[in-house]
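Trainee: Here it is, the structure in full.
The values are calculated or read from the model by the stated rules, or taken from the named source; none is laboratory data. No experiment lies behind these values; they were computed from the predicted model shown. Cβ coordinates were reconstructed from backbone atoms using ideal geometry, including for glycine residues, and neighbour counts include every protein chain displayed. All accessible areas refer to the heavy atoms of the entire protein, side chains included, with ligands and DNA or RNA removed. Shrake-Rupley method; radii C 1.70, N 1.55, O 1.52, S 1.80 Å.
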Amino acid sequence: MALPKVKRAQVWEVDFEPQTHKEEPGKRGRPALVIQTNILNNAGHATTIVIPGTTQVYRDAQGDGYPLRVSVGKLGNMKQETDLLVDQIRTISNQRLLGDKPLAELSRTHMKRVEDALRMLTGE
């Protein structure tokens, strides 16, 4: 079976099991945002850098828990409203991607918010 073609800003359903530590997001069928450059994606790289999502959304008085979380709502074929767990970046095998197409694709505005959160969390 051929592996799906991924692009930056797409949200894919991912199998994160087995979970090796309780602090890591686990669960089969979790949404995840591809943040890896399309240079690697187009080169047939065997792994992909993603930000896991959660349907256990968080809202505080200031919003969505930014910059640790970025709310993307319910886009495309996503089943539920989703927050991206920006502090949980992972590199996964492309074999963990489920299905043959992404659930959704983030707008440029959503991607800018994610990129801003990444810069804040990495000290840039």
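Trainee: For segment 31-54, which residues satisfy the criterion of being in a loop (DSSP other than H, G, I, E, B) and β-branched (Val, Ile, Thr)?
Mentor: Ile35, Thr37, listed by residue number.
Trainee: Going residue by residue through segment 46-62, is there one that turns out to be surrounded by fewer than 18 Cβ atoms within 10 Å (Cβ to Cβ), of a type outside the set (Asp, Glu) and closer than 16 Å to Arg8 by Cα?
Mentor: Looking for residues that are surrounded by fewer than 18 Cβ atoms within 10 Å (Cβ to Cβ), of a type outside the set (Asp, Glu) and closer than 16 Å to Arg8 by Cα, one finds at least one in segment 46-62, hence yes.
Trainee: Identify, please: which residue in segment 78-118 is among the β-branched types (Val, Ile, Thr) and open to solvent by 50 Å² or more (accessible area, probe 1.4 Å) and is, among those, farthest from Asp64 (Cα to Cα)?
Mentor: Here the residue is Thr91.
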